[in-house]
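A quick write-up on the structure given underneath.
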Amino acid sequence: MCPHTPPCPDASGLDREAARTIISHPEQGWSLLCNGIVVFEDTGELLPDGEPIAPHRPTDLISQPVLSARRQESPDESSHSSSAPAA
Ligand SMILES: [Zn+2]
């Protein structure tokens with residue numbers, strides 16, 4: 001089935017999404033992988049035996065915006081001369 005070398009991961013493997021895309025329909029929101037899995041754009045999947053996989057988009061883990069407004073604290077050059085006694 002799989003003409004690739006090394007062969008694509010099997011549909012039952014955890015790395016099944018690493019298989020090569022052989023048919024892509026981005027306008028319809030799905031792709032067919034070499035191992036027979038249909039992957040939808042919402043990260044849902046349909047296995048070759050008809051079993052659906054719920055969407056599991058990794059972007060859901062990133063929910064907090066980047067706090068870029070925080071100012072950097074510049075070190076005070078005049079204060080580092082107060083040395084503590086090196087006991
Ligand atoms: Zn393949």
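Throughout, read-outs are computed from the coordinates displayed, never taken from laboratory work. Given the structure is predicted, the values throughout are model-derived calculations rather than measurements. Every residue, glycine among them, receives a Cβ derived from its backbone with ideal geometry; neighbour counts consider all protein chains shown.
Subtract the Cα-Cα distance of HIS56 and ALA18 from 0.36 nm times their separation in residues, and report this length gain in nm to one decimal.
So the chain would gain 12.2 nm between HIS56 and ALA18.
Assuming a ≥ b ≥ c are the square roots of the Cα gyration tensor eigenvalues, decide whether segment 1-59 counts as rounded (a/c under 1.5), prolate (otherwise, with a/b larger than b/c) or oblate.
Details: a/c = 1.70, a/b = 1.37, b/c = 1.24.
Prolate.
For the ranges 36-47, 14-25, what's the packing order if you count other beta-carbon atoms within 10 Å of each residue, average per peptide, and put the highest first?
Values: 36-47: 16.5, 14-25: 13.0.
Packing order, densest peptide first, comes out as 36-47, 14-25.
If you count, for each residue, the other Cβ atoms within 10 Å and average over each peptide, how do 50-57, 28-35 line up from highest to lowest?
So the order, starting with the most tightly packed, is 28-35, 50-57.
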